[in-house]
Amino acid sequence: MANQKLGTLYFIPVTLGDDNIDKVLPPEVVSIAQQLDEFIVENEKTARHFLGTIKHSKPIRELVLKTLNEHTVDKDLPALLGSLMAGKDIGLMSEAGCPGIADPGAKLAALAHQKGIRVAPLVGPSSILLSLMASGLNGQRFTFLGYLPSDKAARITQLKEIERHSKYAQETQLFIETPYRNQHMLEDILANCQSETKLCIACNISLSDEYIVTKRIKEWKQATLPDLHKKPTVFLLLA
C-alpha cells in the first residue's frame, strides 16, 4: 500500500456567471473537467449547472458530488480525499471563480499536501485578481480581507481602520459583501472614508455588464452610483 499511486486533486475554476465559458476558461480546463466523474463542490446545484453547461460527457446524475462548504467541519475533510488516496483523480469547484481563494477549498488543499496528494490549480477567472488588475490601485502591495462585519457600527469601525492602514502602508485593501448588502456597504464607505481616498467598485466581473470604475471618495459623492444590489462586487480602497 505504501506504493499506491495517489490521484490528483484538480482545482477547477468556474465562470462568474452564465454563458461566457468560451471567453474565460481555456479549453484544457473544460477538457479536464469533462473527463472527471467525481467532484467536491461548494454548492451542488450550481455545480450541476456548470457541468451541464460544459456538456460533460456523462449524464450529470451519474456524477459523484461531495459537498465542502463553510459548514463542513474539519473532522469530515479526510473522507473527501478517499478516492484520491485510492488513486482516482477528482475535481474541486467553488460556487464561482477560483477555488481555494476565499473559500473552504484551502483547508482541503492543506490536508492533501499533508497526504502527499498532488494539488493542480487550473487557470480561470478570479474576481479578486481581475478587479485589482483593472483598478489602477497599488498591485505591488495589497490585502484581501474577505467579508467585513455585518453589524453597521462594527463595519464602520473596521472601514476606518482599513483606511488608516492603507494610508500608512500604501497598500490596496480588497473586501467583499453579501450581494444584497452591497448598497449599504457603499453608503458606509462614502459616508466614513476620507475625500481623497480612492475607491474602485468592481461588479459582475467578466460578464457582459461588467462594471469596474475607480474614483476618489469626493468624486463618487458627486457621481451617479451604480446599482450593486444582488450583484457580485469587489470593493478596493487605497488611501
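Comparing 46, 172, 224 in a Gaussian network model of the chain (Cα springs below 10 Å), the most mobile by mean-square fluctuation is 224. Once the Cα atoms are used to define both axes, helix 152-169 deviates from the longest principal axis of the chain by about 90 degrees.
Loop-located chymotrypsin sites (Phe, Trp or Tyr not before Pro) in the stretch 111-176 (DSSP state other than H, G, I, E, B) with a sparse environment of at most 10 neighbouring Cβ atoms within 10 Å are absent. Which loop GluC sites (Glu not before Pro) in the stretch 182-239, with loop taken from DSSP, have no more than 15 other Cβ atoms within 10 angstrom of their Cβ? Sparse-neighbourhood loop GluC sites (Glu not before Pro): 196, 210. Between the stretch 205-221 and the stretch 36-74, the alpha-carbon centres lie 33 Å apart. Report, in degrees rounded to the nearest 10, the 0 to 90 angle that the Cα long axis of helix 105-114 makes with the longest principal axis of the chain. Approximately 50 degrees, to the nearest ten. To the nearest ten degrees, helix 182-192 and the longest principal axis of the Cα atoms of the chain are 40 degrees apart. Its relative contact order, with pairs defined as Cα atoms under 8 Å and 6+ residues apart, puts the stretch 127-238 at 34 percent. Dividing the Cα radius of gyration of the stretch 127-238 by its Kirkwood radius returns 0.92 for Rg/Rh. Based on Cα contacts under 8 Å between residues 6+ apart, the stretch 8-121 shows a relative contact order of 43 percent. Ranked from largest, the principal axis spans of the Cα set of the stretch 8-121 equal 36, 27, 24 Å. The residues neighbouring residue 42, those whose beta-carbon lies less than 10 Å from its own, together hold a net charge of -4 under the Lys/Arg +1, Asp/Glu -1 convention. Dipole orientation for the chain: of the candidates 100, 43, 166, 166 has the Cα lying most toward the positive pole (charges on Cβ; Lys, Arg +1; Asp, Glu -1).
Values quoted throughout were computed directly from the atomic coordinates according to the rules given, and no laboratory measurement underlies them. Quick caveat, the model's predicted, so the values are computed rather than measured. Don't worry about glycine lacking a Cβ; one is built from the backbone with ideal geometry, like all the others, and counts go over all protein chains shown.
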